[in-house]
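Below is one structure, written out as structure tokens, with a few remarks after it.
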């Protein structure tokens with residue numbers, strides 16, 4: 001994707017150095033250096049709406065996360081394309097090995113909890129509904145739905161029924177290892193799947209994506225809730241299935 005049009009629209013007439021950043025499945029990311037300032041330009045790929053991605057919701061979620069100190073500052077947004085501009089974070093990535101240490105688990109849990117306790121954001125993310133929507137979208141595009149999907153959907157509905165209604169809080173919903181940076185504080189990037197949802201999906205997604213085992217899961221519950229309760233561990237395990245679905 002050529003970012004030159006976006007750069008000219010967002011920084012008209014200003015000399016800019018553009019460097020492609022690695023990563024990104026549903027978007028292309030570029031570092032843009034303009035007159036001594038550094039930014040990240042995010043440009044979504046085509047048809048991401050099929051995955052339920054709303055770029056305005058992403059902008060608002062990123063802004064809310066910035067307000068509570070865990071994300072870069074949003075400084076620009078171009079419509080109708082949904083190009084997002086944030087300040088560049090001079091931070092370091094966090095390895096999977098480091099993510100599993102008690103100190104980092106506590107730092108990350110604190111950052112995630114701050115977002116969960118923030119003011120509401122637009123959009124919703126219900127993992128049980130998302131898998132239904134993805135199945136319908138796949139069928140509409142001629143995909144043959146495997147029997148394993150049907151069985152997994154039954155398990156999803158069983159989990160929903162067993163847990164009952166859950167409080168809806170701001171959630172990131174894509175807590176991959178690559179979405180964390182450390183600039184002296186934990187920062188989280190890539191808010192395109194954010195929405196109001198179940199905190200246990202976020203915690204389970206964090207656990208799955210960072211390859212936590214039983215010991216790390218207990219540390220996560222302790223760091224997030226201040227104690228380890230059997231019912232919380234059970235909810236975490238159930239929602240780890242939903243994260244993998």
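The values are calculated or read from the model by the stated rules, or taken from the named source; none is laboratory data. Just so we're clear, the structure is a prediction, and the values are computed from it rather than from any experiment. Quick reminder, even Gly has a Cβ in these numbers, built from the backbone with ideal geometry, and neighbours come from all protein chains shown.
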Q. Quick check: is even one residue across the stretch 114-127 surrounded by 14 or more Cβ atoms within 10 Å (Cβ to Cβ), at pLDDT 95 or above, out of contact with any strand residue (DSSP E or B) (no Cβ under 8 Å at 6 or more places or on another chain) and under 21 Å from residue 210 (Cβ atoms)?
A. yes
Q. Is it the case that residue 189 is closer than 30 Å to residue 6 by Cβ, out of contact with any strand residue (DSSP E or B) (no Cβ under 9 Å at 6 or more places or on another chain) and surrounded by 16 or more Cβ atoms within 10 Å (Cβ to Cβ)?
A. no
Q.
Being outside any helix (DSSP H, G or I), touching a residue at least 24 places away in the same chain (Cβ under 8 Å) and more than 15 Å from residue 186 (Cβ to Cβ): is that true of residue 119 here?
A. yes
Q. Residues in the stretch 4-19: is at least one under 30 Å from residue 126 (Cα atoms) and outside the structural domain of residue 135 (by TED's automatic domain parsing)?
A. no
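Identify, from the list 233, 220, 203, the residue that is within 15 Å of the chain's Cα centre (by Cα) and assigned to a helix (DSSP H, G or I). Talk me through it step by step, then tell me what you get.
On the way: 233 fails: within 15 Å of the chain's Cα centre (by Cα); 220 fails: within 15 Å of the chain's Cα centre (by Cα).
On inspection, the qualifying residue turns out to be 203.
Can you tell me which residue in the stretch 1-27 is nearest to the chain's Cα centre (by Cα), limited to those that are part of a strand (DSSP E or B) and more than 10 Å from residue 83 (Cα to Cα)?
Just the residues of the stretch 1-27 that are part of a strand (DSSP E or B), to begin with: 16-21, 27.
Now narrow it down to the ones that are more than 10 Å from residue 83 (Cα to Cα): 16-21.
Values: 16: 29, 17: 28, 18: 25, 19: 23, 20: 21, 21: 18 Å.
Ranking the qualifying residues of the stretch 1-27, first place goes to 21.
Results for (1) under 27 Å from residue 113 (Cβ atoms); (2) surrounded by 13 or more Cβ atoms within 10 Å (Cβ to Cβ); (3) in contact with a helix residue (DSSP H, G or I) (Cβ under 8 Å, 6 or more places away or on another chain); (4) modelled with pLDDT of 90 or more, shown as yes or no for each residue.
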{"site": "11", "(1), (2), (3), (4)": "no, yes, no, yes"}
{"site": "14", "(1), (2), (3), (4)": "no, no, no, yes"}
{"site": "17", "(1), (2), (3), (4)": "no, no, no, yes"}
{"site": "26", "(1), (2), (3), (4)": "yes, yes, yes, no"}
{"site": "41", "(1), (2), (3), (4)": "no, yes, yes, yes"}
{"site": "46", "(1), (2), (3), (4)": "no, no, no, no"}
{"site": "58", "(1), (2), (3), (4)": "yes, yes, no, yes"}
{"site": "86", "(1), (2), (3), (4)": "yes, yes, yes, yes"}
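So if I check each of 102, 80, which one is modelled with pLDDT of 95 or more and either over 30 Å from residue 33 (Cα atoms) or more than 16 Å from the chain's Cα centre (by Cα) (or both)?
Numbers: 80 fails: modelled with pLDDT of 95 or more.
It is 102.
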